[in-house]
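The values are calculated or read from the model by the stated rules, or taken from the named source; none is laboratory data. Note that the structure is a prediction, hence the values are computed from the model and not measured. Cβ sites come from the backbone with ideal geometry, for glycine too, and all protein chains shown count toward neighbours. All accessible areas refer to the heavy atoms of the entire protein, side chains included, with ligands and DNA or RNA removed. Shrake-Rupley method; radii C 1.70, N 1.55, O 1.52, S 1.80 Å.
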Amino acid sequence: MIDHFGLQVSDYDQARAFYAKALAPLGYTVVMEFADSTAGFGRDGKPDFWIYAGGRTSPPVHVAFRAETRAIVDAFYAAALSAGATDNGAPGLRLDYHPNYYGAFVRDGDGHNIEAVCHTQAS
């Protein structure tokens, strides 16, 4: 199991603002921050997703965040778009993956493919 993951970003302030807004529906907040150049996002006081100033991570990567419900996936997608992301796949079932794979995909300011996914049936 992965404990934490980090990305270098080309515009720290923009990326921090973007991720704070986009990840809020997933319950993520800035848990730790160092000298306006490193931020750790997480839940329950434990940062597991980090961004660092200093340049663009290349090539872009794909990061998927687990959501408890499909409504949270929808909320992530709307929040990410309103924070400046570009669409890379609207919320919906991805039956090629498995019958209950409900995901949404956006591209952040550095081109990373950021996803929220729910693996449970709709209630």
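Of note:
- Tally of residues being touching a strand residue (DSSP E or B) at 6+ places or on another chain (Cβ under 6 Å) and either among the β-branched types (Val, Ile, Thr) or modelled with pLDDT under 95 (or both) across the range 70-91: 2
- For the range 1-21, filtered to residues that are touching a strand residue (DSSP E or B) at 6+ places or on another chain (Cβ under 7 Å) and closer than 19 Å to ILE72 by Cβ, the residue that is least open to solvent (accessible area, probe 1.4 Å) is TYR19.
- When the range 60-88 is limited to residues that are out of contact with any Asp or Glu (no Cβ under 8 Å at 6 or more places or on another chain), assigned to a strand (DSSP E or B) and of a type outside the set (Lys, Arg), the one that is surrounded by the most Cβ atoms within 10 Å (Cβ to Cβ) turns out to be ASN88.
- Conditions (1) in contact with a Gly (Cβ under 7 Å, 6 or more places away or on another chain); (2) farther than 12 Å from ALA22 by Cβ; (3) buried (at least 19 other Cβ atoms within 10 Å of the Cβ): number failed by ALA39: (1)
- Test: residue in the range 71-83 that is of a type in the set (D, E, K, R) and free of Cβ contacts under 8 Å to residues at least 60 places away in the same chain: yes
- Checking ALA24 against (1) at negative phi; (2) surrounded by fewer than 14 Cβ atoms within 10 Å (Cβ to Cβ); (3) of a type in the set (A, V, I, L, M), the condition it does not meet: (2)
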